[in-house]
Amino acid sequence: MAISSAAASTVDPIVSVRGVSKTYAGGFQALKSVDLDIRRGEIFALLGPNGAGKTTLISIVCGISNATEGVVTADGFDTVRDYRAARAAIGLVPQELHTDAFESVWATVSFSRGLFGKAPDPAYIEKVLRDLSLWDKKDNKIMTLSGGMKRRVLIAKALSHEPKILFLDEPSAGVDVELRHDMWRMVRELRENGTTIILTTHYIEEAEDMADRIGVINHGELILVEDKNVLMRKLGKKQLALSLQQPMERVPEALARWPLELSGGGHTLTYTFDSQEDDSGIPDLLRELAEHNIAFKDLQSSESSLEDIFVSLVRKPQEARA
């Protein structure tokens, strides 16, 4: 059950997941009654630790794997009953580097377009290859390419049939910085042209930079779906770090009501407060510090990143089970 959900939309979702569960033959339950709507034209980031169920969910939406329970629609088509129509709306960039090793870049990307019944369009294929800095490699056999270039080919294949929905499953894993920049520039352009992007990533700063909404999955359960900016406001914390003039061994009991932590060998006192509260409590804290003759020489403020929020969310269920 989600902590908070902004998933429901007044606009018909382009991807709808209802009550989806996946249990394998050995009894392992990879997904547990997942409900999720993806809005048309958004960038949605699905975050979760290894084994959380991200790839399983993507595989079910893309028709690669069947759900044990539940229904999925893509662009209005049931992914089981109307598999071909649903799959034609989807482009998938998987984690694994599976390519036709003996084919040329041009041939394999053009062939992928034909698999979805699209008429040949050399101009479009050329644009995709140029956007991904693959044009000078178009006649090279894929087996001769570097790992980063092979990743570019996978993206080109996924885009070859002009899908309305693009899944990027850990697309930045093991790729160079140049490709990462090229890829995210292209993602933004695709979104501007109406393509819906769903990505999973270990680079949480990318999700923070790119995504409109964030979903967090852990142990097969979707524990949160929220607009990114709302999530940052609701769950983000601010911190005030005070560099003390004299180190302390411990926080005085008289200050126990304040959420204070000592670090840096007793030289830094950190106060954490809710960024949504009108009253931060900082003036009162500083007065009490002065009353107890605790002097500081510098102070710095900081705000939680999406990574901080993600870590706190996935840690809570683990602590509850401990």
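The values are calculated or read from the model by the stated rules, or taken from the named source; none is laboratory data. Keep in mind that what you see is a predicted model, and the values were worked out from it rather than measured. Virtual Cβ from ideal backbone geometry, glycine too; neighbours counted across all protein chains shown.
In the set Glu291, Glu192, which member is farther than 30 Å from Arg18 by Cβ, exposed (fewer than 14 other Cβ atoms within 10 Å of the Cβ) and without any contact (Cβ under 8 Å) to a residue 60 or more places away in the chain? Give the steps one after another, and end with the answer.
Numbers: Glu192 fails: farther than 30 Å from Arg18 by Cβ.
Residue meeting the stated conditions: Glu291.
If we only count strands (runs of 3 or more DSSP E) wholly inside the range 3-96, which ones have 3 or more residues that are over 27 Å from Glu192 (Cβ atoms)? Spell out the reasoning first.
Details: elements: 15-23, 29-38, 43-47, 69-74, 90-93.
Of the strands (runs of 3 or more DSSP E) lying wholly inside the range 3-96, those with at least 3 residues that are over 27 Å from Glu192 (Cβ atoms) span 15-23, 29-38, 69-74.
So, in the range 97-111, of the ones that are in contact (Cβ under 8 Å) with a residue 40 or more places away in the chain and part of a helix (DSSP H, G or I), which residue ends up surrounded by the most Cβ atoms within 10 Å (Cβ to Cβ)?
Going through the qualifying residues, I end up with Val105.
Note down all Cβ pairs under 6 Å where the first residue falls in the range 241-260 and is touching a residue at least 12 places away in the same chain (Cβ under 8 Å), the second is of a type in the set (Lys, Arg), and they're at least six residues apart or on different chains.
These pairs meet every condition: Ser243/Lys297; Gln245/Lys297.
Somewhere in the range 196-211, is a residue outside the structural domain of Ile294 (by TED's automatic domain parsing), crowded, with 21+ Cβ neighbours inside 10 Å, at positive phi and at pLDDT 90 or above?
no
Condition check ((1) on the phi < 0 side of the Ramachandran plot; (2) outside the structural domain of Leu190 (by TED's automatic domain parsing); (3) modelled with pLDDT of 95 or more) across all residues:
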{"position": "Ile3", "(1), (2), (3)": "yes, yes, no"}
{"position": "Ser21", "(1), (2), (3)": "yes, no, yes"}
{"position": "Leu31", "(1), (2), (3)": "yes, no, yes"}
{"position": "Leu36", "(1), (2), (3)": "yes, no, yes"}
{"position": "Ser59", "(1), (2), (3)": "yes, no, no"}
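Pairs under 6 Å by beta carbon, first residue part of a helix (DSSP H, G or I) in the range 196-211, partner crowded, with 19+ Cβ neighbours inside 10 Å, six or more apart or different chains?
Cβ pairs passing all conditions: Ile204/Leu306; Ile204/Phe310; Ala207/Ala45; Ala207/Thr201; Glu208/Leu306; Met210/Ile43.
Residue-wise test of (1) in the same structural domain as Ala25 (by TED's automatic domain parsing); (2) among the polar types (S, T, N, Q); (3) closer than 25 Å to His181 by Cα.
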residue	(1), (2), (3)
Glu69	yes, no, no
Gly91	yes, no, yes
Thr108	yes, yes, yes
Lys141	yes, no, yes
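For the range 46-87: of the residues being basic (Lys, Arg) and touching a Ser or Thr at 6+ places or on another chain (Cβ under 8 Å), which is surrounded by the fewest Cβ atoms within 10 Å (Cβ to Cβ)? Before you say what the answer is, go through the steps one by one.
Within the range 46-87, the first condition is being basic (Lys, Arg), and the residues that meet it are 54, 81, 84, 87.
Applying the additional criterion that residues be touching a Ser or Thr at 6+ places or on another chain (Cβ under 8 Å) yields 54, 87.
Working: Lys54: 23, Arg87: 20.
Step by step, filter the range 46-87, then rank; the result is Arg87.
State the number of residues belonging to the range 152-181 that are at pLDDT below 85 and under 22 Å from Leu47 (Cα atoms). Reasoning before the result, please.
So the first thing to find is which residues in the range 152-181 are at pLDDT below 85, and the list is 170-181.
If we keep only those that are under 22 Å from Leu47 (Cα atoms) too, we end up with 170-177, 179-181.
The number of residues fulfilling the criteria is 11.
Can you name the residue in the range 294-309 that is among the hydrophobic types (A, V, I, L, M, F, W, C) and modelled with pLDDT of 75 or more and, of all such residues, is surrounded by the fewest Cβ atoms within 10 Å (Cβ to Cβ)?
The initial filter retains those residues of the range 294-309 that are among the hydrophobic types (A, V, I, L, M, F, W, C), namely 294-296, 299, 306, 309.
If we keep only those that are modelled with pLDDT of 75 or more as well, we get 294-296, 299.
Numbers: Ile294: 18, Ala295: 11, Phe296: 17, Leu299: 13.
Of everything passing the filter in the range 294-309, Ala295 is surrounded by the fewest Cβ atoms within 10 Å (Cβ to Cβ).
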